[in-house]
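Contents: one structure, followed by commentary.
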Amino acid sequence: MSGYKITDIKSQLFQWKKPPIWNGAHKYDEGHLHLVTVVASKGRHSITGYGWNGGTAATRPQGLFPGYVDLFRPYLLKKDPTDTQPIASLANNVKIYGRGGWHTQVLGAINQACWDIRGQIEQKSIHELLGGKGGRVLTYIAGGYYGKSKGLDELKREMERNVKEFGATAVKMKIGDPSVGVEKDIMRIKAARETVGDDIALMVDANCAFTVKQALEILPILQKNNVYWFEEPIDSRDIEGHKKVRQKANKYGVLVATGENGYDIYHFRNLLIAKGADVFNIDVAILPGYDPALQIMKEACKHNVRIAPHGAQELHVHIVTARDNGLMLEYYPQAVDPLRGDMFLPRLEIDKDGYVEIPNRPGLGFTPNFKLLKKYSL
């Protein structure tokens, strides 16, 4: 027991306009951030921790989030913030809250903030608390979204910038927009591969837009263009479909990645049982925090499934080295959202070789840039 008790939990909402982008199923013309602040006190001494949901690519009706903070606050006040597992376990009341959604995301943000507090108490970075080795971790650049008046030339310029400006050795692009069609997506994949060259890992992300049949049909094209992984090829709930796609994809030398829409450990266990994925894109802002994420990493390691967390690089830089199956860190550049690089301080910068340093600062190691965010407060 730390001797600290949670004395306050509050939420803040932020929203801003940005150039519209979209993937196979979702359009993002606004940025949304739900920020949770947890205060823990011991006598006259207080420590503040932060956690959040949303950000660059988020269209959630975040006005619902504060109500869930209000719901859970009475359960958590006066509790020890370093006892983080019970916070995540509140999500297990499926009969009342459902399997996953708003409540798991809110609990995820509260859980993050408590890990932040625990790290400050113990003077350890979250990655140390998780058992991580520290050092540096490889990134891949997220992007390749569809955009207004964004054709092949614009996609090529984006991919070229990712390699030359960020030193990226891995990049990701979107496919699956039904209004674009498979033939144009094939042209986009070819254009991206030609631009980045043969030595750069290229991943494609359908964001659940394809049927199993469509996902299987595009595999020869992915093989021909040496695509490293096929992310969210189909509906995330279709476990048997993932098994079929992965079996065929592996024969073509393509990995299947999924998991950003997994709200609980059972989703990932079912994928492991079905052998439906090679890479898990876990997200501590979708799951109820770091505790279930670490448990998933441990179980995935036994099945030789790798971990490449989804989004929110400041939250997930701590995850990648937590176990030996950590693979890569997804990194959103400012080209995806002009606010992205400055929302949290200090900036998480990519080195010239495409790696980032894992922070050794106590706790999360990043704080919201309130000076920037206050103009977007709701």
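The values are calculated or read from the model by the stated rules, or taken from the named source; none is laboratory data. If you're wondering where the values come from, they're calculated on a predicted model, not measured in any experiment. Counting neighbours? That spans all protein chains shown, and the Cβs are built from the backbone with ideal geometry, glycine included.
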Take LEU155 and decide whether it is of a type in the set (A, V, I, L, M, F, W, C), at pLDDT 95 or above and touching a Leu at 6+ places or on another chain (Cβ under 6 Å).
-> no
Identify the residue in segment 116-146 that is modelled with pLDDT under 95 and either more than 21 Å from the chain's Cα centre (by Cα) or among the aromatic types (Phe, Trp, Tyr) (or both) and, among all such residues, is nearest to ILE9 (Cα to Cα).
-> TYR145
Residue check, ASP351 against (1) surrounded by 16 or more Cβ atoms within 10 Å (Cβ to Cβ); (2) over 16 Å from the mean Cα position of the chain (by Cα); (3) not in a helix (DSSP H, G or I), all met but one. Which one?
-> (1)
Give the residue, chosen from ALA191, ALA168, ALA215, that is in contact (Cβ under 8 Å) with a residue 12 or more places away in the chain, over 22 Å from TYR332 (Cβ atoms) and touching a helix residue (DSSP H, G or I) at 6+ places or on another chain (Cβ under 6 Å).
-> ALA215
Can you tell me which of ARG306, ARG361, ARG347 is in contact with a strand residue (DSSP E or B) (Cβ under 8 Å, 6 or more places away or on another chain), more than 29 Å from VAL254 (Cα to Cα) and among the basic types (Lys, Arg)?
-> ARG361
Pair list, Cβ < 7 Å and 6+ apart or interchain, from segment 364-378 residues that are under 13 Å from GLY51 (Cα atoms) to residues that are small (Gly, Ala, Ser) and in a strand (DSSP E or B) | GLY365/SER125
Across segment 61-88, which residue is surrounded by the fewest Cβ atoms within 10 Å (Cβ to Cβ) among those that are touching a residue at least 40 places away in the same chain (Cβ under 8 Å) and closer than 28 Å to LYS27 by Cβ?
-> GLY63
Hey, GLN85 under 24 Å from SER2 (Cα atoms) and either β-branched (Val, Ile, Thr) or more than 20 Å from the chain's Cα centre (by Cα) (or both) or not = yes
Checked segment 273-296 for anything hydrophobic (A, V, I, L, M, F, W, C) and within 11 Å of the chain's Cα centre (by Cα); matches are PHE280, ILE282, VAL284, ALA285, ILE286, LEU287
Return a yes/no flag: does segment 134-153 have any residue that is closer than 28 Å to ASP29 by Cα, part of a loop (DSSP other than H, G, I, E, B) and aliphatic (A, V, I, L, M).
-> yes
The residue from TRP22, TRP52 that alone is closer than 21 Å to LEU90 by Cβ and under 19 Å from the mean Cα position of the chain (by Cα) is TRP52
Of the conditions (1) among the small types (Gly, Ala, Ser); (2) part of a loop (DSSP other than H, G, I, E, B); (3) at pLDDT below 95, the single one that GLY365 does not satisfy is (3)
For segment 209-221, does any single residue satisfy the condition of being charged (D, E, K, R) and buried (at least 21 other Cβ atoms within 10 Å of the Cβ)?
-> no
With ILE141, ILE117 as the choices, which residue is in the same structural domain as GLU30 (by TED's automatic domain parsing), surrounded by 24 or more Cβ atoms within 10 Å (Cβ to Cβ) and either more than 30 Å from PHE65 (Cα to Cα) or of a type in the set (A, V, I, L, M) (or both)?
-> ILE117
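This table checks each residue for (1) among the hydrophobic types (A, V, I, L, M, F, W, C); (2) surrounded by fewer than 18 Cβ atoms within 10 Å (Cβ to Cβ); (3) in the same structural domain as TYR355 (by TED's automatic domain parsing); (4) in contact with a Gly (Cβ under 8 Å, 6 or more places away or on another chain).
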position	(1), (2), (3), (4)
LEU152	yes, yes, yes, no
GLU158	no, no, yes, yes
GLY167	no, yes, yes, yes
GLY176	no, no, yes, yes
LYS184	no, yes, yes, no
LYS190	no, yes, yes, no
VAL196	yes, no, yes, no
Out of all the residues in segment 315-322, is one or more surrounded by fewer than 19 Cβ atoms within 10 Å (Cβ to Cβ) and assigned by TED's automatic domain parsing to the domain that holds LYS164?
-> no
Can you confirm whether segment 89-101 contains a residue that is buried (at least 24 other Cβ atoms within 10 Å of the Cβ) and not assigned by TED's automatic domain parsing to the domain that holds PRO362?
-> yes
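Would a scan of segment 311-334 turn up a residue that is part of a strand (DSSP E or B) and of a type in the set (Phe, Trp, Tyr)?
Checked segment 311-334: at least one residue is part of a strand (DSSP E or B) and of a type in the set (Phe, Trp, Tyr).
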